[in-house]
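Below is one structure, written out as structure tokens, with a few remarks after it.
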Amino acid sequence: MTQTIVIAEMNNNAVHPSTAELIAAAMTFGDAPTVIVPCTEAAAADGAANMGAGSIIAAKSAAFAHYDASGWASALDAVTPQGTLITGASSQSKDLAARIAARRGLAVIQDAVAIEGNNVTSPVYSGKAMQTVALAGPAVISVRSNVFPPASGGASEVNVLDTEGNVATSVTEFMARASERLDVGEANIVISGGRGMGSPDNFVHLEAIADTIGAAVGASRAAVDTWEAIPHAMQVGQTGKTVNPSLYIAVGISGAIQHLAGMRSSKYIVAINKDADAPIFQHADYGIVATWEEALPVLHTTLKSMMG
Amino acid sequence: MPNIIVLVKQVPDTNAKIAVNGDRVDLSAVKMVMSPYDEFAVETALQHREAAGGEVTALTVGGAGSDKILKDAKAIGVDRIVRVAAEGEMDSNALQTVLAQAVTELGGEMVYCGKAAADTGAGSTGPGLAERLGWASISNAISASFDGGLSVVAPNGAGNANVQAPLPAVVSCDKGAFKVRKPNVKGIMQAKKASVEVLSIEVPASAVSIVAHALPPAKPAGKTYNGGEAAAEVAQLLRDEANVL
Ligand SMILES: Cc1cc2nc3c(=O)[nH]c(=O)nc-3n(C[C@H](O)[C@H](O)[C@H](O)COP(=O)(O)OP(=O)(O)OC[C@H]3O[C@@H](n4cnc5c(N)ncnc54)[C@H](O)[C@@H]3O)c2cc1C
Ligand SMILES: Nc1ncnc2c1ncn2[C@@H]1O[C@H](COP(=O)(O)O)[C@@H](O)[C@H]1O
């Protein structure tokens, strides 16, 4: 049996809770994995305690101050044991997975949603089909969030290993996000508006609900293309972001195949559309045939009272 | 005057229905096109050439059927079109090994590719190729400027960053600020006459093999309600039945 190692999912130099899901994914191969925490301060690795790790290594390097693919892959490679590596499936982690796999001459499998023995399943053709591959040896696998139930317990002692990275690019400017809102790619709940919202000003109704339930606000391509005020960063779909939240609420969105490509793997889908024949209803767990003008105020009032 | 290479891949049209026959996807009835993000990569490569001079070569790894997308790239203005002849399945390791050799043989100094291919959705090729070549890589670029060296805007941490990359580098392209140009009549005529240079490179064995394709598990039919008042009930169900609030 090959050893399995988890590269912790990081967010603002802190271990992201989804790392516990990666540990659970790694355990399908056998023992509790070693977890490597890329950090600038070893204290960050304490965040990996109680997530079911077999052991925890703080990989400490100035290279981890911000993301550079070459810098991260080389700094991690130097302190990561050989074996099968598991990473998260955020766009940064997929990039790192690909780069470290190439460094080790391993194949990389992205966006795994199931692991059984040496068989790994991931979506292909924008989720229109699932592909199962067999591993003949160690590989690098990025694992989608909200798939494996988080592991718990395990090691809490941290070994610190200093490492150096070959940083190849330099950041000349960090640009603040246009809004302080949650990013659709990271949020656990996403509420998106389409052309059916009628005007970009009406997105305030989506924002109000988002604030009540801690959601990110997304948009269809038609909304992004039609209205300058709706930035591409909000676009969900084939040429936008792929999201995998536990709840996706589509408002005034028809459900074109390219939109579905970005959100069909959401755990629960709610659709609000005035057209009962809109294709989005075929994918909705809960469909409401109504205009958003009728439905959103009711939804917001109910959610507000539920959330206390 | 950089020697610029842009990677393009042929994939099923994103509007196409994907059928599974036995345990493999069946693409026989599907229209094949250039992967959408590769169109942004081609555009960025052409803008790079316009700013810095040099040459743009469109490169694909695939069967003869892929010549069509190379001609499409030619029609919008690339200088050379090259295909590494290869059929069948390749894992990321095999594909990137072949691409690294092709880029080296072509003397590439800069590579653009798509953020993710529409079939794999992986986003592995750009960073993986860069690692094999020992180059810098920046993924998911949304814009680029070329005066005073290559400077790219791409997501970094919680927002975007302006990143300076030394050449050689691999940049993968998201849909961004650049509008993709359309072919003109002259381009289409030139593409008709152009011939594809075919390279043959030995493909290493894959360590990963496809076991099966399947359609995604069908969702149980959802519940549908009429009228906006139903939103109250749906909110309750989201909490009590779906447990997502
Ligand atoms: C290569 C390619 C890539 C693409 N990538 C993407 C992508 O990444 N993301 C994406 O979303 N699309 C993408 N598209 C576009 C996609 O095909 C659709 O055109 C787009 O998703 C439609 O957006 P929409 O549903 O908001 O608009 P429409 O199709 O115009 O639908 C609007 C909906 O709103 C409903 N409506 C109207 N008024 C109301 C009201 N008052 N209350 C409630 N409902 C109302 C209507 O019944 C309708 O169903 C892509 C297309 C191509 C060709
Ligand atoms: N067979 C191929 N030939 C040429 N370029 C490819 C090939 N496969 C992938 N690419 C390039 O790499 C990008 C990302 O592909 P992927 O890593 O499969 O998501 C694509 O958008 C193409 O630009």
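The values are calculated or read from the model by the stated rules, or taken from the named source; none is laboratory data. All figures in this text were calculated on a predicted structure; none of them were measured in a lab. Backbone-built Cβ (ideal geometry, glycine too); neighbour counts: all protein chains shown. Protein only, heavy atoms only, side chains kept; ligands, DNA and RNA dropped before computing areas. Shrake-Rupley method; radii C 1.70, N 1.55, O 1.52, S 1.80 Å.
For the range B:83-109, the set of residues classified as more than 11 Å from chain A (Cβ to nearest Cβ) and in contact with a helix residue (DSSP H, G or I) (Cβ under 7 Å, 6 or more places away or on another chain) consists of B:ARG83, B:VAL84, B:ALA86, B:VAL103, listed by residue number.
With respect to A:GLU116, determine if the residue is farther than 30 Å from B:ALA16 by Cβ, outside the structural domain of A:LEU247 (by TED's automatic domain parsing) and touching a residue at least 12 places away in the same chain (Cβ under 8 Å). So A:GLU116 does not fit the description; no.
The range B:166-245 holds strands (runs of 3 or more DSSP E) entirely within its bounds, and those carrying 2 or more residues that are within 24 Å of B:VAL61 (Cα to Cα) map to B:169-173, B:197-199, B:208-214. What are the residues in the range A:229-251 that are within 13 Å of another protein chain (Cβ to nearest Cβ), open to solvent by 10 Å² or more (accessible area, probe 1.4 Å) and away from ligand 2 (no atom under 16 Å from the Cβ), if any? Within the range A:229-251, A:PRO231, A:HIS232, A:ALA233, A:MET234, A:ASN244, A:SER246 qualify.
B:ASN162 meets the conditions (1) facing chain A (nearest Cβ under 7 Å); (2) closer than 30 Å to A:GLU228 by Cβ; (3) surrounded by 20 or more Cβ atoms within 10 Å (Cβ to Cβ) in every case but one. The failed one is (3). Of the candidates B:PRO12, B:PRO2, the single residue that is crowded, with 19+ Cβ neighbours inside 10 Å and either more than 15 Å from ligand 2 (Cβ to nearest atom) or free of Cβ contacts under 8 Å to residues at least 40 places away in the same chain (or both) is B:PRO2.
Please find, within the range B:109-118, the residue that is farthest from ligand 1 (Cβ to nearest atom) out of those that are surrounded by 24 or more Cβ atoms within 10 Å (Cβ to Cβ) and either free of Cβ contacts under 8 Å to residues at least 12 places away in the same chain or within 20 Å of B:MET1 (Cα to Cα) (or both). Going through the qualifying residues, I end up with B:MET110.
Can you go through B:ALA235, B:ALA194, B:ALA218, B:ALA231 and tell me which one is more than 7 Å from chain A (Cβ to nearest Cβ) and either at pLDDT 95 or above or within 18 Å of B:GLU87 (Cβ to Cβ) (or both)? Being more than 7 Å from chain A (Cβ to nearest Cβ) and either at pLDDT 95 or above or within 18 Å of B:GLU87 (Cβ to Cβ) (or both) holds for just one of B:ALA235, B:ALA194, B:ALA218, B:ALA231, which is B:ALA194. None of A:LEU182, A:LEU106, A:LEU96 is in contact (Cβ under 8 Å) with a residue 40 or more places away in the chain and not assigned by TED's automatic domain parsing to the domain that holds A:ILE257 except A:LEU96. Screening the range B:123-145 for residues that are surrounded by fewer than 22 Cβ atoms within 10 Å (Cβ to Cβ) and part of a loop (DSSP other than H, G, I, E, B) and picking the one that is farthest from ligand 2 (Cβ to nearest atom) gives B:GLY134.
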